[in-house]
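The values are calculated or read from the model by the stated rules, or taken from the named source; none is laboratory data. It should be emphasised that the depicted structure is a prediction, and the values quoted were computed from it without experimental measurement. Here Cβ is always computed from backbone atoms with ideal geometry, including for glycine, and neighbour counts include all displayed protein chains.
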Amino acid sequence: MREKILNLIDDGYTVDKISDNIDLSRPTIDEIIKSLVREGYLVDYKCESCSSCPFSCSNPDSNGINAFMLTEKGKDWIKEK
């Protein structure tokens with residue numbers, strides 16, 4: 001399940017969209033994501049402005065949200081699977 005969550009995040013899914021696509025509760029998904037951050041597979045990124053955001057969404061409503069990005073370790077892990 002961790003690999004699936006990493007793949008969905010890599011595809012740009014939000015946590016809400018992830019919970020719509022897999023059969024786990026939102027609290028369970030949150031715990032898995034926290035674990036992946038602690039283990040270095042994800043980084044928690046706080047969007048503050050579109051100009052500094054690596055997601056290039058240009059959505060002013062997304063300012064101030066937390067997003068997750070795969071680290072090199074995370075990218076390597078999903079490539080190996």
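Here is a yes/no grid of residues against (1) assigned to a helix (DSSP H, G or I); (2) under 12 Å from THR71 (Cα atoms):
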site	(1), (2)
TYR13	no, no
LYS17	yes, no
ASP20	yes, no
LEU24	no, no
LYS34	yes, no
VAL37	yes, yes
GLY40	no, yes
TYR45	no, yes
Is there any pair linking a residue in segment 1-12 that is free of Cβ contacts under 8 Å to residues at least 60 places away in the same chain to one that is loosely packed, with under 15 Cβ neighbours inside 10 Å and in a helix (DSSP H, G or I), with Cβ under 9 Å and at least six apart or on different chains, and which? MET1/THR28; ARG2/SER35; LYS4/ASN21; LEU8/LYS17; LEU8/ASN21
Determine the pairs where a residue that is closer than 15 Å to ARG2 by Cβ and surrounded by 16 or more Cβ atoms within 10 Å (Cβ to Cβ), located within segment 63-81, has a partner that is of a type in the set (S, T, N, Q) and modelled with pLDDT of 90 or more with Cβ atoms under 6 Å apart, the partner being 6 or more residues away or on another chain. ILE78/ASN7
Filter segment 8-33 for residues that are touching a strand residue (DSSP E or B) at 6+ places or on another chain (Cβ under 9 Å) and at pLDDT 90 or above; which is farthest from GLU72 (Cα to Cα)? ILE33
